[in-house]
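Participant: I have a structure I would like to understand better, so I am pasting it below and will then ask my questions one at a time.
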Amino acid sequence: MKLTRKITSILSDQRVVLSIITLALFLFFGLKNKAFFSADFVLFPLLRDAATITVVGLAQLCALSIGHLNLAVGRMAAVSAMATGYSYQYLGFSLPLGVLVGLITGALLGALTGWIVVKSQVNAFIVTLAMDFALLGFVTFIYVTFTPAAAFTTKPAGMDFWRNTSLAQYCIAGVCGPKIFPMMIFPMIVALLLVGFMYGKTRLGRELLLTGSNLRAAKLSGIPVDRRVITAHIFSGTLAGLAGVMLGFTNGSFSAAIGSEFMLPSFLGPVLGGTLLTGGSVAVFGTMMGTLLTLVIRQGLSVQGIGLETLNIALGLVLLLALSLGQIQKMFTSIRSRGRT
C-alpha cells in the first residue's frame, strides 16, 4: 500500500511525469538510431531550439496566466527581430543595443495589444488574431521595402559566438570536443528565473494569477485588473521579442519567416507543463520540460526519416495529450486520496 501511494504521488506531479517520458523517449530514439546521439548534428541544435521555444512558451504563459490567448506571439517575435536586424544593418548598433531594441519593440506591441483588449472589451482571442494578421502585413511590407533579399543580414560582433559556441566545448592540441550545451540557453535560464520569481514570489505575480483565476474576485479585492491585463501582455510581448531575436541569432540573419512556426509550440510547452488555459495557474519549469518533450519527439522522428505530415500528426497527438493531462492528474490525485482514507 505504501509503495502504491508513493507511485501515485510521483505520477501526480506533472513535471516528474514529463521528465520521465522525455528521458525514456530520448533513450528510445537514441538506441533505435545512434545518429540521434550526435552532439553536433542533433543534441546541440535540439537544445538551441529548445532555448528559443521555451522562451516562446513563457511568452504564451504570461497571457495564459490571466486567462488570455496570444495568437500574435509569432508575429510579435517577427517584428521584434526585424527591428533588431534593422538596427544592426542601417543604424550600426552594437549587439546588446540591438537586442534591447527588439525587447522594447516586443514590449510596445504587447502594451498595444493589452490596451486594445482593455479599451474595446473584445476577447483577447479576436484581438490577438487581428494583431497577427496586421503584423504579418507590416513585416512583409518592411522587408520588401528595405531589403532586396527579404532579410537583414548584417552580423554585429559577438553574434556568431552566441550562435555557434558551446558551453561544454573543449579543445586539446587543436582538436575540439563535441558541442552539446549552446550559449543560447543562458537567455532562456534568465527568462525562466525572472518569470518564475515574478509568479512565485511577488505581489504582481499573485495579482496576475488572481486576475486569471477569478476576474470578479480580483476586482472586489482592489486589484487594478485593467492594468494587470496590460502588464501581462507587455510581458508576453517582451518574451516573444526575445524569442524572435534569439531565432535571428540562430539563423544568422533576420528574415520575414521568423516566428511563423511559433504558434503551436507556444501552447505545447506551457500546457504540457501544467499551465491552465483558463488562467490562474502557471508552470514555469514545466514549460521547459514540455518544450523539451515536443522537440525530442520531433527530432527523434526526423532522425528516423519520418515525413513532415507524420511529424505534424505526432505533435497534434501530443497537444491532445497535454489537454488531457489535467484529467489524468485528477485521476491519480483521486486514487491517492482514496488510499489515505
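The values are calculated or read from the model by the stated rules, or taken from the named source; none is laboratory data. Since this is a predicted model, take the numbers as computed values, not measurements. Note: ideal-geometry Cβ built from the backbone for every residue, glycine included; neighbour counts use all protein chains shown. Remember, those area values only see protein heavy atoms, side chains included, never the ligands or the DNA or RNA. Shrake-Rupley method; radii C 1.70, N 1.55, O 1.52, S 1.80 Å.
Participant: Using heavy-atom solvent-accessible surface (probe 1.4 Å) with all chains present, what is the largest-first order of ASP49, ASP226?
Facilitator: Order by accessible area, largest first: ASP226, ASP49.
Participant: Let me ask something additional. Given labels modelled 7 Å from the Cα in the Cβ direction, how far is it in nm from LEU317 to THR278?
Facilitator: 2.9 nm
Participant: Quick one: length gained pulling PHE37 to LEU97 fully straight, 0.36 nm per residue minus the C-alpha distance?
Facilitator: Here the answer is 17.9 nm.
Participant: Sticking with this structure for a sec: Assign one of three labels to region 113-239, namely rounded, prolate or oblate, based on the Cα gyration tensor with a ≥ b ≥ c the square roots of its eigenvalues; rounded applies when a/c is under 1.5, prolate when it is not and a/b is larger than b/c, and oblate otherwise.
Facilitator: Oblate shape, in that a/c is at least 1.5 and b/c is the bigger or equal ratio.
Participant: Under a Cβ-only charge scheme (Lys and Arg +1, Asp and Glu -1), can you give me the dipole magnitude of region 109-253 about the Cα centre, in debye to the nearest 20?
Facilitator: So the magnitude is around 460 debye.
Participant: How would HIS68, HIS233 line up by accessible area, probe 1.4 Å, largest first?
Facilitator: Most to least solvent-accessible, the answer reads HIS68, HIS233.
Participant: OK, next. Zone of THR202 (label point 7 Å along Cα→Cβ, backbone N under 18 Å): which residues in region 273-295?
Facilitator: 280-285
Participant: Same structure, new question: Based solely on C-alpha atoms, express the radius of gyration and the Dmax of region 183-288 in angstrom.
Facilitator: According to the Cα coordinates of region 183-288, Rg and Dmax are 15.3, 50 Å.
Participant: Rounded, prolate or oblate: which one fits region 32-149, using the alpha carbon gyration tensor with axes a ≥ b ≥ c (rounded when a/c is under 1.5, else prolate when a/b beats b/c, else oblate)?
Facilitator: Oblate shape, in that a/c is at least 1.5 and b/c is the bigger or equal ratio.
Participant: For region 14-329, with only Lys/Arg (+1) and Asp/Glu (-1) charged at the beta-carbon, what is the dipole magnitude about the Cα centre, in debye rounded to 20?
Facilitator: 580 debye
Participant: Could you tell me whether region 14-329 comes out rounded, prolate or oblate from its Cα gyration tensor? Rule is a ≥ b ≥ c as square roots of the eigenvalues, rounded for a/c under 1.5, then prolate if a/b exceeds b/c, otherwise oblate.
Facilitator: Since a/c reaches 1.5 but b/c is at least a/b, the shape of region 14-329 is classed as oblate.
Participant: Now, a different point. Give me the 1.4 Å probe accessible area per residue for region 14-329, excluding ligands and nucleic acids, in Å².
Facilitator: 45 Å²
Participant: I would also like to ask the following. Which length gain, in nm to one decimal place, applies between ALA134 and ILE189 when the Cα-Cα distance is subtracted from 0.36 nm times their residue separation?
Facilitator: That works out to 16.7 nm of additional length.
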